[in-house]
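The values are calculated or read from the model by the stated rules, or taken from the named source; none is laboratory data. The structure presented is a predicted model; accordingly, all values stated were derived computationally and were not measured. No Cβ is skipped: glycine too gets one built from the backbone with ideal geometry, and neighbour counts run over all protein chains shown.
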Amino acid sequence: MRAPRLFVAQLLCSLSVAGLAQAPVVSVPSVDLIRYSGKWFEIASFPMFFQRNCVADTTAEYALAPDGGVTVHNRCRTNSGFDDATGKATVVEGFGNSRLKVSFFWPFKADYWILGLDPEYQWAVVGNPNRKYLWVLSRSAQLTPALLQAALASASAQGFDLSRLRYTAQAAAGVP
């Protein structure tokens, strides 16, 4: 009789450990791409490789393209001036415009999921499903502490390790 009890105990333990695994990352239910268009300031990020030379003043600007896609223009200050990159994003069908595929050079595309979004579009949290990249964006060069906390809470709730965040200096915010 002990063997079956031991088996049941091991099974329950395994199920409990499996339950501790992180839930999948999800995007917000819907995004109004017209409201999302425009300039966003990077507040913090888990930077991608292409951002390795960025030292401050990182922005992203989105515009609707005539073909239904979204143009993306990223810019940052480097030690020698500015770096720019222009790409194109396409909407992933079935996710209310909250999941995009972005390409800065063909044929490579990356996941761009809007994971958190202020109801007034004051901030957005963008990442990818494997939690490797994350961006906290704002319509202004800095966020109030309450808005920043709301944005960070949306990332934390998705299982992102916020200790990895690198905060971005924005000269427009009075930060050199």
Notebook entry, point to check: Is it true that some residue in region 88-111 is part of a strand (DSSP E or B) and farther than 24 Å from residue 129 by Cβ?
Noted result: no
Next item on the list: Hey, can you tell me all the residues within region 113-129 that are in contact (Cβ under 8 Å) with a residue 24 or more places away in the chain and in a loop (DSSP other than H, G, I, E, B)?
Entry: 118, 121, 122, 128, 129
Next item on the list: Collect the residues in region 43-70 that are under 15 Å from the mean Cα position of the chain (by Cα) and in a strand (DSSP E or B), keeping them in residue-number order.
Entry: 43, 44, 45, 46, 58, 59, 60, 61, 62
Check: Could you count how many residues in region 145-175 are buried (at least 20 other Cβ atoms within 10 Å of the Cβ) and among the hydrophobic types (A, V, I, L, M, F, W, C)?
Finding: 4
Next item on the list: Please specify each residue of region 111-139 satisfying the condition of being surrounded by fewer than 20 Cβ atoms within 10 Å (Cβ to Cβ) and either in contact with a Leu (Cβ under 6 Å, 6 or more places away or on another chain) or more than 15 Å from residue 46 (Cα to Cα) (or both).
Entry: 118, 119, 120, 121, 122, 139
Notebook entry, point to check: So which residues in region 131-160 are in a loop (DSSP other than H, G, I, E, B) and more than 20 Å from residue 52 (Cα to Cα), if there are any at all?
Noted result: 139, 140, 141, 142, 143, 144, 158, 159, 160
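Report yes if residue 142 is surrounded by fewer than 20 Cβ atoms within 10 Å (Cβ to Cβ), at negative phi and modelled with pLDDT of 95 or more, otherwise no.
no
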